[in-house]
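All of the numbers you see were taken from the coordinates with simple rules; none came from a lab. Treat the numbers as computed from the prediction; the structure is a model and nothing was measured. Because the Cβ atoms are built from the backbone with ideal geometry, glycine has one as well, and the counts that use them run over all protein chains shown.
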Amino acid sequence: DDAGLTTGSAYIYEKISFIWLRRATITADDAAAGDNFGWDLAIDDDATLLVGAYRNDEAALDAGAAYVFRRDVATWPQEAKIMASNALQDDCFGYSVSLKNDMAIIGAVHDDSGFPTTGSAYVCRYDGVGWGEAARLEASDGWGGDRLGWDVATDGASVLVSASYSDDFDQDAGSAYFFPSSCPPETGDMNCDDILDMQDVAPFALALVDVNAYDAQYPACDAMNGDANDDAALDGLDVAGFVQALLGN
């Protein structure tokens, strides 16, 4: 309640030996009463934090928002505030969040997608400069009250979204929807976010040096995405082609 009743906050803890030490308190730069900041959160690679505030009122009453914080040594400054491009009252954008490889999935559980509280989820990506909305996910058979976006998950490519009150098999029995990666991997897309950009340089270098370490860090990806000269091998001969593809984008 730092800025008013149910403002919300999040806390960063680090495990040292057998002790968990609190390292940071995370709050929104524009914190306001009733935002419910911290209702859901996700952290990726101990470096990027995504926090939902599903009752934020900037776009409209309870339209919701999500905040991105990126670690800078011992601090966690706010990098961005994300809101739906079509935000409306009571959408509750930020009710659920998931984050992987600079790909954020944000649930809007009360979005009136065709019918009241059908729900939806949004895909947002970081391109090295800022965060942008890439897609809005809806159920092909969505109905009023399904609340798609109750929970979300991603591996950095594909997306899984729950609809806790879907009535397909019985009243409020619930269901989940799987959205595969929207397109086949682009050559050089080493972090599997469907975009070839500067974020792919580090994983490309890692794959060249230690493919086992790359596979461990990017389990949903294929190191052969870096085979820029198409010779069925990932090696130093691919560097020039990778750079050319990167500059071409």
| If you place +1 on the Cβ of every Lys and Arg and -1 on the Cβ of every Asp and Glu, how big does the dipole about the Cα centre of the stretch 1-136 come out, in debye to the nearest 20? | 440
| note | Candidates Val159, Val239, Val209; GNM for the chain (alpha-carbon contacts under 10 Å) flags as most fluctuating Val209
| Once you list every other residue whose beta carbon is under 11 Å from the beta carbon of Asp141, what net charge do they have if Lys and Arg are +1 and Asp and Glu are -1? | -4
| note | Of 56-67, 73-84, ordering from highest average Cβ density within 10 Å down gives 56-67, 73-84
| query | How large is ³J(HN,Hα) for each residue in the stretch 5-14, as worked out from phi by the Karplus curve 6.51 cos²θ - 1.76 cosθ + 1.60 (θ = phi - 60°), to whole Hz, x for Gly and Pro? | reply | 4, 6, 4, x, 6, 9, 10, 9, 10, 10
| request: Calculate the dipole size of the stretch 163-221 relative to its Cα centre from +1 charges on Lys and Arg beta carbons and -1 charges on Asp and Glu beta carbons; express the result in debye to the nearest 20. | output: 240
| note | Heads up, the chain by the C-alpha gyration tensor (a ≥ b ≥ c square roots of eigenvalues; a/c under 1.5 rounded, else a/b over b/c prolate, else oblate) looks oblate
| How far, in nm, would the chain grow between Ser140 and Val201 when pulled straight, counting 0.36 nm per residue and subtracting the alpha carbon separation? | 18.3 nm
| message | Helix-only mean residue ellipticity at 222 nm, the chain, DSSP H runs n ≥ 4 weighted -39,500 (n - 2.57), per residue, nearest 500. What is it? | response | -3000 deg cm²/dmol
| query | Which of the listed residues, Ser113, Met83, Gly241, is farthest toward the dipole's positive end in the chain, when Lys, Arg count +1 and Asp, Glu count -1 at the beta-carbon? | reply | Met83
| query | Which one of Gly174, Gly8, Gly52 has its Cα pushed farthest toward the positive end of the charge dipole of the chain, where Lys and Arg give +1 and Asp and Glu give -1 at the Cβ? | reply | Gly8
| request: Could you tally the net charge around Asp30, taking each other residue with its Cβ under 11 Å from the Cβ of Asp30, Lys/Arg +1 and Asp/Glu -1? | output: -3
